Amino acid sequence: MNIFLNPGHSPNGNPDPGACNLSLNLRECDIALSIGNKIRNLLLQNNYDVRLLQSNNLCGESPSQPNITYAANSWPADIFVSIHCNSFNSKARGSETLIYPDSTKGLYLANNIQSNLITAIQSVDTTFPNRGVKPRSDLAVLRYTNMPAVLIELGFIDQKNDAAILTNFQDTLAQAINSGINKYKV
Ligand SMILES: [Zn+2]
């Protein structure tokens, strides 16, 4: 099975670090890449074929950078996993996984990943909220990919308890996502 990992945003080329926590000096692009690399290593141990690509060119809008959805579609990937951190009002917390509306296989993959993530994070923080699996039609990486695709919002980078999880429990997060992908059968 070909698995495409897309850590969100990119500090390179046309810089867009994504959401930031200035007081903790955290950037979404760095957390997503670090956790993405950990997931990649776990998947490779299970003999999956894995490509990891971080770029601000999601579907051709920034030609100087590699095109994420083109790379996934032309490989072709069997599943697509985008990794992000949320940001809102410094109070909101929790994980959510986004899918393209009415994608049955996407929903199946998302449910596997979301339930594993919540179980893993709540084992270290019982107050961590499960924000669930949500349909989103407007996100390029879900809309323009041809395979089951999920976008994981791991937690809120601007909330201090979530930021601590994103920083200190990256292996836990990566293992949970790896297990969720392992449960998925094409
Ligand atoms: Zn993002």
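The values are calculated or read from the model by the stated rules, or taken from the named source; none is laboratory data. From a predicted model like this one, the values you see are computed outputs, not experimental measurements. Cβ: placed from backbone, ideal geometry, glycine included. Neighbour counts: every protein chain shown.
If you go through the stretch 61-83, how many residues are among the charged types (D, E, K, R) and closer than 23 Å to T104 by Cβ?
Selection size over the stretch 61-83: 1.
In the stretch 11-19, is there at least one residue being touching a Phe, Trp or Tyr at 6+ places or on another chain (Cβ under 8 Å), over 18 Å from Q170 (Cα atoms) and more than 13 Å from the ligand (Cβ to nearest atom)?
There is no residue in the stretch 11-19 that is touching a Phe, Trp or Tyr at 6+ places or on another chain (Cβ under 8 Å), over 18 Å from Q170 (Cα atoms) and more than 13 Å from the ligand (Cβ to nearest atom).
Pairs please, first residue from the stretch 79-96 and at pLDDT 95 or above, second anywhere and more than 13 Å from the ligand (Cβ to nearest atom) and basic (K, R), Cβ atoms under 6 Å, 6+ apart in sequence or on different chains.
Close Cβ pairs (under 6 Å, with a partner that is more than 13 Å from the ligand (Cβ to nearest atom) and basic (K, R)) amount to G94/R131; E96/R131; E96/K134.
Going through the stretch 10-35 one residue at a time, which ones are at pLDDT 95 or above and buried (at least 23 other Cβ atoms within 10 Å of the Cβ)?
E28, C29, I31, A32, I35
Which residue, of F80, F4, is touching a helix residue (DSSP H, G or I) at 6+ places or on another chain (Cβ under 9 Å) and within 16 Å of the ligand (Cβ to nearest atom)?
Just a single option satisfies the conditions, and that option is F80.
Condition check: within 16 Å of the ligand (Cβ to nearest atom) and of a type in the set (S, T, Y). Does S62 satisfy that?
yes
Could we say that R131 is of a type in the set (K, R) and within 16 Å of the ligand (Cβ to nearest atom) here?
yes
Please give the number of the condition F80 fails out of (1) buried (at least 22 other Cβ atoms within 10 Å of the Cβ); (2) over 19 Å from S10 (Cα atoms).
(2)
Which members of the stretch 59-77 meet the condition of being within 13 Å of G13 (Cα to Cα) and surrounded by 16 or more Cβ atoms within 10 Å (Cβ to Cβ)?
S62, Q65, N67, listed by residue number.
Can you say whether I31 is more than 19 Å from N2 (Cα to Cα) and not basic (K, R), as far as the supplied structure shows?
Taking the combined requirement at face value, the residue satisfies it.
Being over 14 Å from the mean Cα position of the chain (by Cα), within 16 Å of the ligand (Cβ to nearest atom) and either part of a helix (DSSP H, G or I) or touching a residue at least 12 places away in the same chain (Cβ under 8 Å) (or both), is that true of even one residue in the stretch 160-167?
There is at least one residue in the stretch 160-167 that is over 14 Å from the mean Cα position of the chain (by Cα), within 16 Å of the ligand (Cβ to nearest atom) and either part of a helix (DSSP H, G or I) or touching a residue at least 12 places away in the same chain (Cβ under 8 Å) (or both).
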